[in-house]
1. How do the peptides 386-398, 302-314, 133-145, 275-287 rank, highest first, by the average count of neighbouring beta carbon atoms within 10 Å per residue?
2. Which pairs break 30 Å Cα to Cα here: LYS385/LYS509; LYS79/LYS271; LYS271/LYS509?
3. Taking only protein heavy atoms into account and a 1.4 Å probe, give the accessible area per residue of the chain in Å².
4. Roughly how big is the chain's charge dipole about its Cα centre, with Cβ charges of +1 (Lys, Arg) and -1 (Asp, Glu), in debye to the nearest 20?
5. Over the chain, what is the relative contact order in percent, taking alpha-carbon pairs closer than 8 angstrom and at least six residues apart?
6. Would you mind telling me the antiparallel percentage of the DSSP bridges in the chain, rounded to 5?
7. First check a/c for segment 7-299, with a ≥ b ≥ c the square roots of the eigenvalues of its C-alpha gyration tensor; if it is under 1.5, answer rounded, and if not, answer prolate when a/b is larger than b/c or oblate otherwise.
8. Among the helices of the chain (complete DSSP H runs), which have Cα atoms covering no less than 18 Å along the helix axis and a Kyte-Doolittle mean of at least -1.0?
Amino acid sequence: MANHRPTFYVTTPIYYVNDAPHIGHAYTTLACDVLARFKRLDGFDVLFLTGTDEHGQKVEKSALNAGVAPQSYCDSVSKLFRDLTGALDVSNDDFIRTTEARHVRASQALWRAIAARQSPAGRPNIYLGKYAGWYAIRDEAFYDEGELTLGADGRRRAPSGAEVEWVEEPSYFFRLSDWQQVLLDFYEKNPEAVLPATRRNEVTSFVRQGLQDLSISRTTFTWGIPVPDAPGHVIYVWLDALTNYITAAGYPDVDGGFARRWPADLHMVGKDILRFHAVYWPAFLMAAGLEPAKRVFAHGWWTNEGQKISKSLGNVIDPYQLIEQYGLDPVRYFLMREVPFGQDGDLSRAAMVRRRNVDLANDLGNLAQRVLGFIAKNCGAAIPKRQPFTEADQALTAAAASLLGRVRREIDQQSFHRALEVVWQVVAEANRYVDAQAPWALRKTDPVRMEAVLYVLCDLLRRLGIVLQPFMPQAMELWLDQLAVERDARDFGAYDRVLVSGINLPTPKPIFPRLVEDALQAKAPS
Ligand code: MSP
């Protein structure tokens, strides 16, 4: 049967298998997970893709250093990334590896499609030439002399800090220079195709300065996808890697599900790889006669206790260790809340403990504990009776009812931090309501009113639990269990259902216990 639900296709970058996963990878993936979960609850038919980028010189070099054949090296490191999705409770629908047959096929088909067409100036999109210039293996990127800086050690470095080397080799080129105006028109017509706005401005001013043709094949090593009908050439790893997004949507079988999936709704990327996604990728796609993705969002970078994260400084953050120390859902919450999404941020232990103890244990956790503990003792452990609403009941219920719409607006702009701020405004309002209504005092003076207040609060907790599921899926599962919310009443379609009185509630348990510093010290790495 045809599926008529609207689709939503979101991707993470595919991660290089030259190294084990760290917090940067976890961050991008988690943001996509929140989005994918939100869209599923909102009725969308979601495709959420992540995976690994396995070709190119950098990976080949790492395999060589490890003394292993590239394919078996890729197999083992790719597995680490796949395992991480499990540890983070990430809900990806597919995990792509660029060494898979489906991807080799798609990459060669895309190459052919680009080569078969002409540039806007009526010239072949791809031509054979010779590359002579600088290349950074770490970035897998070509640089102009003018972009480089000369270090005290006499070595040239790319703006990213990566070392470059001089390369001269026969190479196929993509006629990027002919795509400048088409790209500028695309950004102009699609003002939200690159976000945040500051990044969009960087991209457009880069393109306005003029584009050079791009080398898209390499001949000095072999670990890559062969260029069709061109012995000795492998496809440049970034063209290969970017193609993953259409491979997973079914390319080159354009008559299958591809039309339903493509263009992707969102490519989530770090700021360091924006140019590849917002300039090269749309140009490749348009050159092949395909539509560019609807949006590329570039997020910022994390520092560790104020310091740039780097292997040489030895301060790389292991996501497993974070989860072990603070718990998975608090980590997910922290990463989405602490920093305005799109900006750089700092991961510090003090901030993490504060978020967990103040936002989660005090504000959110205590609210549920107070309400559910009180109901367990004083209302026969069942959802209290609904009564006509007072003005205060009405105000809080209205705030909760409109919350989902307000959160949705923020999520649709990838404003995860704002989405959570909006939720916490309602949490604060609810805590004030509990204090003002004082159900513990009503117990003696007006038990009917006490029930009314607790009913309003149960309904509010139910809505908070539903709306917070994408951010903290495991904690909110327990949360909704404690409110005896049926499994089929947890999606956004059930948000406005009337809460039925009289349903028995299980014994409440704290969901966000406070972190005690001593316990934390004991768990901290030595
Ligand atoms: N393989 C390419 C992407 C190809 S997509 C077609 C790649 N891989 S990567 O393994 O280097 O992944 C990097 C991702 O992690 C980027 O989105 C990058 O921004 C992100 N991060 C790496 N370090 C980071 C931080 N310290 N903080 C936040 N994100 C960071 O690039």
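1. On the way: 386-398: 14.5, 302-314: 12.1, 133-145: 17.7, 275-287: 23.6.
Ranked from most to least packed, the peptides come out as 275-287, 133-145, 386-398, 302-314.
2. Numbers: LYS385/LYS509 23 Å; LYS79/LYS271 25 Å; LYS271/LYS509 41 Å.
Table pairs above 30 Å Cα-Cα are LYS271/LYS509.
3. On the way: 22110 Å² over 526 residues.
For the chain, the per-residue accessible area is 42 Å².
4. 1020
5. Numbers: 831 pairs, mean separation 77.0, N = 526.
Value for the chain: 15 percent.
6. Numbers: 25 of 48 bridges.
The antiparallel proportion sits near 50 percent.
7. rounded
8. Working: long enough: 23-41 (26 Å, 0.43); 70-87 (26 Å, -0.36); 101-115 (21 Å, -0.03); 391-411 (30 Å, 0.07); 416-437 (32 Å, -0.03); 447-468 (31 Å, 1.20).
Helix filter hits for the chain: 23-41, 70-87, 101-115, 391-411, 416-437, 447-468.
The values are calculated or read from the model by the stated rules, or taken from the named source; none is laboratory data. Fair warning: this is a prediction, and the values are worked out from it, not measured in the lab. We place every Cβ from the backbone using ideal geometry, glycine too, and count neighbours over all the protein chains shown. Calculation scope for accessible area: heavy atoms of the full protein, side chains included, ligands and nucleic acids excluded. Shrake-Rupley method; radii C 1.70, N 1.55, O 1.52, S 1.80 Å.
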